[in-house]
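Engineer: Following this message is one structure expressed as structure tokens.
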């Protein structure tokens, strides 16, 4: 299958450390002036479709589109219900796209079947903000930062507690840096918009860490 | 130095191993004959350093007392009140609680300046972390002595605040609570959530882990953290867990939880 991946340099690099290796795609750092031959590709992956407007709906292509749909649900990205037949939502955030399996959602069986035949390691989840694993992880990181603020703890203490007491594969600061604190913040904001601040309060420290990340990039 | 451990359940036995394994004299107090019977292999393994006590004498000469009775506030307070009457004022008394308020437990004792929490993790001989939880009444020297002593037996102590769930159980809560919330909505299974989290490098997904811990135990910790933080919506306990507990499906130990373990149980 002829595959094209579009996204920022940082996101393409993250993808190519993981599932991107088996897709063997052509890469297009987006946006640039030169546009690819859209009609040539069978599958087009947009790594940032939930962060900016995607070219998916304005170019001549009959490809299966795989759209990043963590910060917004897939249904909110589609301009019309008919697009559901050739669009898939996927968790393409850094770290998550570096594992073997891929977390994805579909709004039509036709699209899911086409996606599965291209990517057999897909795990289907409901189409909702945060999907499953980004949602759980964002809440763990946010809770650690809420506690850090409440109890005047150091990040080192919390990291040690998480590593030795919970045997998590990475510490809080390692997860945050690897995924990007700004992605965690955007996800928390999306959860808060959909479900309310009572269930999804945002740690003030998460905002500062995300701002630092944005300023330093 | 002499250490007295109150309660020979899983945690009491594990903590006894930690100290006895470092050639420190440990007495394990357990009034229940069945629990004493279950502790026999550990007593035999560490013979010379570990002994069993079935009745408490009027006076206890121990330097360190670690309370490891079941996680029930009233029971712990009763045991601590009784024991603190029998100790010298210089003895350090630690409660091994996973989520109860250490300050509330301290109020039951006569040794408030020498009382604090030492939260070991299961299995205690293998898990290096110990949360050391002073109250506002604990003497700083007692905290420092606790840290040094725990380091001397190979543990990594961290000083944690006396807040619901301390550090570890607080940070871990969303892993369970949010996963349960997703399954409660009915459009995803525990197996899929476990597969996704294990794919990220977690040793066990939240449901497999709850089955191992005990759904009842996990639910009780969430309940305490929720109550202790004045009922925040994000930690509201799960009706799905409550339903499992009511049905007796409390995890691996019961043969049923989010997964079935009957075959394993028969083995």
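The values are calculated or read from the model by the stated rules, or taken from the named source; none is laboratory data. Everything numeric in this text was worked out from a predicted model, so none of it was measured. When we count neighbours, we look across all protein chains shown, and the Cβ atoms used for this are built from the backbone with ideal geometry, even at glycine.
Engineer: Would you kindly identify the strands (runs of 3 or more DSSP E) lying entirely within segment B:64-144 that contain at least 3 residues that are within 13 Å of the chain's Cα centre (by Cα) and modelled with pLDDT of 95 or more? Give the steps one after another, and end with the answer.
Structural biologist: Numbers: elements: B:64-67, B:92-95, B:115-120, B:129-134.
Filter on segment B:64-144 gives B:115-120, B:129-134.
Engineer: Next up: Within segment A:117-136, identify whether any single residue is touching a helix residue (DSSP H, G or I) at 6+ places or on another chain (Cβ under 8 Å), surrounded by fewer than 19 Cβ atoms within 10 Å (Cβ to Cβ) and more than 27 Å from residue B:190 (Cβ to Cβ), and answer yes or no.
Structural biologist: No, because not a single residue in segment A:117-136 is touching a helix residue (DSSP H, G or I) at 6+ places or on another chain (Cβ under 8 Å), surrounded by fewer than 19 Cβ atoms within 10 Å (Cβ to Cβ) and more than 27 Å from residue B:190 (Cβ to Cβ).
Engineer: So, in segment B:165-203, exactly how many residues are touching a helix residue (DSSP H, G or I) at 6+ places or on another chain (Cβ under 8 Å), crowded, with 21+ Cβ neighbours inside 10 Å, more than 7 Å from every other protein chain (Cβ to nearest Cβ) and outside any helix (DSSP H, G or I)?
Structural biologist: Within segment B:165-203, residues that are touching a helix residue (DSSP H, G or I) at 6+ places or on another chain (Cβ under 8 Å), crowded, with 21+ Cβ neighbours inside 10 Å, more than 7 Å from every other protein chain (Cβ to nearest Cβ) and outside any helix (DSSP H, G or I) number 1.
Engineer: Among the listed residues B:99, B:106, B:74, B:39, identify the single one that is more than 21 Å from residue B:143 (Cα to Cα) and crowded, with 17+ Cβ neighbours inside 10 Å.
Structural biologist: Within the list B:99, B:106, B:74, B:39, the selection yields B:39.
Engineer: Out of the residues in segment A:167-188 that are surrounded by 21 or more Cβ atoms within 10 Å (Cβ to Cβ) and without any contact (Cβ under 8 Å) to a residue 60 or more places away in the chain, state the one that is farthest from the chain's Cα centre (by Cα).
Structural biologist: The qualifying residue farthest from the chain's Cα centre (by Cα) is A:168.
Engineer: Residue B:262 passes all but one of (1) more than 14 Å from chain A (Cβ to nearest Cβ); (2) under 18 Å from the mean Cα position of the chain (by Cα); (3) over 21 Å from residue B:10 (Cβ atoms); which number fails?
Structural biologist: Condition (2) is where residue B:262 drops out.
Engineer: Next up: What about residue B:234, is it within 7 Å of chain A (Cβ to nearest Cβ), touching a residue at least 60 places away in the same chain (Cβ under 8 Å) and under 20 Å from the mean Cα position of the chain (by Cα)? Talk me through it step by step, then tell me what you get.
Structural biologist: Working: within 7 Å of chain A (Cβ to nearest Cβ): yes; touching a residue at least 60 places away in the same chain (Cβ under 8 Å): yes; under 20 Å from the mean Cα position of the chain (by Cα): no.
No; evaluated as a whole, the condition is false for this residue.
Engineer: Residues that are at pLDDT 95 or above and within 11 Å of chain B (Cβ to nearest Cβ): which strands (runs of 3 or more DSSP E) entirely in segment A:35-149 hold 1 or more of them? Spell out the reasoning first.
Structural biologist: Values: elements: A:43-46, A:64-68, A:87-90, A:102-106, A:122-124.
In segment A:35-149, A:102-106, A:122-124 are the strands (runs of 3 or more DSSP E) which contain 1 or more residues that are at pLDDT 95 or above and within 11 Å of chain B (Cβ to nearest Cβ).
Engineer: Further, regarding this structure: Could you grab the pairs with beta carbons closer than 6 Å, sequence gap of 6+ or different chains, first residue in segment B:13-33 and touching a residue at least 40 places away in the same chain (Cβ under 8 Å), second one part of a strand (DSSP E or B)?
Structural biologist: B:15/B:5; B:15/B:66; B:15/B:120; B:19/B:3; B:19/B:26; B:24/B:3
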